[in-house]
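Enquirer: Shown below is the structure under consideration.
The values are calculated or read from the model by the stated rules, or taken from the named source; none is laboratory data. Keep in mind that this is a model prediction, so the values were computed, not measured. With ideal geometry, Cβ positions are generated from the backbone for all residues, glycine too; neighbour counts draw on all protein chains shown. Side chains are part of the model used for accessible areas, which takes the heavy atoms of the whole protein and leaves out ligands, DNA and RNA. Shrake-Rupley method; radii C 1.70, N 1.55, O 1.52, S 1.80 Å.
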Amino acid sequence: MANVVVIGTQWGDEGKGKVVDLLTERAEYVVRFQGGNNAGHTLVVDGRQFIFHLIPSGILHPGKVCMIGNGVVLDPGVLIQEMDKLDAANIPVTPESLAISRYTHVIMPYHRALDEARESRKGSTKIGTTGRGIGPCYEDKVCRSGIRMHDLLDPARFRERLDANLEEKNFMLKHYFGSAPLDGNAIADEYLAYGQRLAPYATNVSEVLQKADRDGRNILFEGAQGTHLDIDHGTYPFVTSSNTVAGNACCGSGIGPTRIHKVIGVVKAYTTRVGGGPFPCELLDETGRQIQKVGGEFGATTGRPRRCGWLDMVVVNSSIRLNGLSGLVITKLDVLTGIPTLKIAVRYKCGAQEVGSVPPELKALEACDPIYEELPGWEESIRQVRRFSDLPENTRRYLEAIEDMASIPLHLVSVGPGRDETIILQNPFD
Ligand code: GDP
């Protein structure tokens, strides 16, 4: 029995969806613990493509329990849309297959309105938020004015909390941002209907997880975004509004740290980043455009093109420290096929100094230049390879260099988007 956390080691979009989907085969419970519908997982199963923003991708496996922990911020309208889409694809979502924490904070229409109004006011200093109300919802959580899942199930309490919030939010929307105020009656009708629909799914996730753990079930915790988007440890302010590091798997679901056995970091074989913020290894040349095109580096949630660059082990090694990683998964290795010489950043030169971890201050990071190690590339297609020893010699050298620089073992190597396009070296549930 093992409880495993999977997180992204870079700036998100590492291909966690596929990895989680694969590892779900060995887990009975799959838990999301942070973020909201700003995450986007694309999965290809039997040639069919699924994009999820909220529901753990484990929903595609019959008999698994998917859980939305208290650390998530939940847009109920989006969740219901995803449930309906799955139903239409003959993948029914039932209270046996999906559970939502009663303490999960709910994204309200005023969160989305404030997110958009604020971002458009910022002009050139935009964070690159997806405008889904995630940040404002977390703000209310910390401010103790948030509306939680269980409030949706109690109409009188819901209305009271809604009215208290609207008084302040409408003032901001109207008088500060110059946008239209929102109507409380319309919101109440919409959200209480959501509450009725979702009531059978609301539960105490922490208690369910304790029982599962005591019964010896495998639990998989599915991180969203990536380590360097963490609100505390990321490249602030170009970060997301939750803690994305593995420690938050505990806070965001209600399980204690002694009950986590392994933490696996997903590393894309190169680096990408969406939105603003420093990116030392960014490639603004033809190679960068090739990686973007071959890797399909466009956001699953927003369609925005992702900035692309060489693999940055300074970024990955900082993630190993921040998450206490026990092993790595390399994804999208096939995308590098055909590039004659590959580079991996091993350290940064920051003025007169050389550093081996990401400097926490934005200005310092902006002033850093990567120091690269060069490795020969490979020409052969690797998508059909299923054993490490069958990979071209230069591909093996690239992977061995990563393992050596990371000083932790590789568990899986993904050589294509399909579930089977994977080299399994060691399953973290073993
Ligand atoms: P996530 O949010 O971390 O799951 O990442 P995304 O879903 O944004 O990005 C993963 C994308 O890469 C999806 O379109 C996957 O189908 C695809 N993908 C995952 N692994 C591989 C791989 O090894 N090779 C290739 N070519 N595509 C992959």
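Enquirer: Take region 1-14 and flag every residue that is near the ligand (Cβ under 9 Å from one of its atoms) and surrounded by fewer than 24 Cβ atoms within 10 Å (Cβ to Cβ).
Expert: Passing the criteria: none in range.
Enquirer: Hey, does region 196-211 have a residue that's open to solvent by less than 70 Å² (accessible area, probe 1.4 Å) and more than 30 Å from residue 4 (Cα to Cα)?
Expert: As a first pass, look at region 196-211 and keep what is open to solvent by less than 70 Å² (accessible area, probe 1.4 Å): 198-199, 201-206, 208-209.
From what's left, more than 30 Å from residue 4 (Cα to Cα): none.
No, region 196-211 contains no residue that is open to solvent by less than 70 Å² (accessible area, probe 1.4 Å) and more than 30 Å from residue 4 (Cα to Cα).
Enquirer: I'd like to check something: does region 265-280 contain any residue that is outside the structural domain of residue 30 (by TED's automatic domain parsing) and more than 21 Å from the chain's Cα centre (by Cα)?
Expert: yes
Enquirer: Here is a further query. Does residue 180 fit the bill of being open to solvent by less than 70 Å² (accessible area, probe 1.4 Å), outside the structural domain of residue 243 (by TED's automatic domain parsing) and at negative phi? Step through it out loud before you land on a result.
Expert: Values: open to solvent by less than 70 Å² (accessible area, probe 1.4 Å): no; outside the structural domain of residue 243 (by TED's automatic domain parsing): yes; at negative phi: yes.
No, not satisfied.
Enquirer: Another one. For residues that are in a strand (DSSP E or B) and open to solvent by 60 Å² or more (accessible area, probe 1.4 Å), tally how many sit in region 344-376.
Expert: Step one: of region 344-376, the residues in a strand (DSSP E or B) are 344-350, 353-355, 368-376.
Restricting the remaining residues to those that are open to solvent by 60 Å² or more (accessible area, probe 1.4 Å) gives 347, 349, 353-354, 369, 372-374.
So the count comes out to 8.
Enquirer: Do you know which of the residues in region 15-57 that are at pLDDT 95 or above and part of a loop (DSSP other than H, G, I, E, B) is nearest to the ligand (Cβ to nearest atom)?
Expert: Only one residue fits best here, namely 34.
Enquirer: Scanning region 283-293 for residues that are among the aliphatic types (A, V, I, L, M) and closer than 16 Å to residue 338 by Cβ, which turns out surrounded by the most Cβ atoms within 10 Å (Cβ to Cβ)? Before you say what the answer is, go through the steps one by one.
Expert: Of region 283-293, the ones among the aliphatic types (A, V, I, L, M) are 283-284, 291.
Now drop any that are not closer than 16 Å to residue 338 by Cβ, which leaves 283, 291.
Details: 283: 19, 291: 24.
The qualifying residue surrounded by the most Cβ atoms within 10 Å (Cβ to Cβ) is 291.
Enquirer: Scan region 277-322 for residues that are touching a Gly at 6+ places or on another chain (Cβ under 6 Å) and within 16 Å of the ligand (Cβ to nearest atom) and jot them down.
Expert: 300, 301, 308, 319
Enquirer: Looking at region 228-251, is at least one residue in a loop (DSSP other than H, G, I, E, B), among the aromatic types (Phe, Trp, Tyr) and within 16 Å of the ligand (Cβ to nearest atom)? Lay out the reasoning, then the answer.
Expert: Taking region 228-251 first, the residues in a loop (DSSP other than H, G, I, E, B) are 230-247.
In the following step, the residues that additionally are among the aromatic types (Phe, Trp, Tyr) were identified as 236, 238.
From the residues that got through so far, the ones that are within 16 Å of the ligand (Cβ to nearest atom) too are none.
No: region 228-251 contains no residue that is in a loop (DSSP other than H, G, I, E, B), among the aromatic types (Phe, Trp, Tyr) and within 16 Å of the ligand (Cβ to nearest atom).
Enquirer: Considering each residue of region 379-421, count those that are more than 30 Å from residue 357 (Cβ to Cβ) and modelled with pLDDT of 95 or more, and give that number. Give the derivation first.
Expert: The initial filter retains those residues of region 379-421 that are more than 30 Å from residue 357 (Cβ to Cβ), namely 379-387, 389-390, 392-393, 416-421.
Checking the rest, the ones that are also modelled with pLDDT of 95 or more come to 379-387, 389-390, 392-393, 416, 421.
The qualifying residues number 15.
Enquirer: Then there's this: From the list 412, 399, 391, 425, which one is open to solvent by 60 Å² or more (accessible area, probe 1.4 Å) and within 16 Å of the ligand (Cβ to nearest atom)? Even if it seems obvious, please write down each step before you answer.
Expert: Numbers: 412 fails: open to solvent by 60 Å² or more (accessible area, probe 1.4 Å); 399 fails: open to solvent by 60 Å² or more (accessible area, probe 1.4 Å); 391 fails: open to solvent by 60 Å² or more (accessible area, probe 1.4 Å).
From the options 412, 399, 391, 425, the qualifying one is 425.
Enquirer: Would you confirm whether any residue within region 64-77 is within 16 Å of the ligand (Cβ to nearest atom) and open to solvent by less than 10 Å² (accessible area, probe 1.4 Å)? So that I can check it myself, show each step before the final result.
Expert: The first filter runs over region 64-77 and keeps only residues within 16 Å of the ligand (Cβ to nearest atom), leaving 66, 72.
Those left that are additionally open to solvent by less than 10 Å² (accessible area, probe 1.4 Å): 66, 72.
The answer is yes; a qualifying residue exists.
Enquirer: Is there a residue in region 294-308 that is in a helix (DSSP H, G or I), of a type in the set (S, T, N, Q) and either surrounded by fewer than 24 Cβ atoms within 10 Å (Cβ to Cβ) or touching a residue at least 24 places away in the same chain (Cβ under 8 Å) (or both)?
Expert: Kept after step one, since they are in a helix (DSSP H, G or I), are these residues of region 294-308: 294.
Subsequent filtering for residues that are of a type in the set (S, T, N, Q) retains none.
So far as region 294-308 goes, no, none of its residues is in a helix (DSSP H, G or I), of a type in the set (S, T, N, Q) and either surrounded by fewer than 24 Cβ atoms within 10 Å (Cβ to Cβ) or touching a residue at least 24 places away in the same chain (Cβ under 8 Å) (or both).
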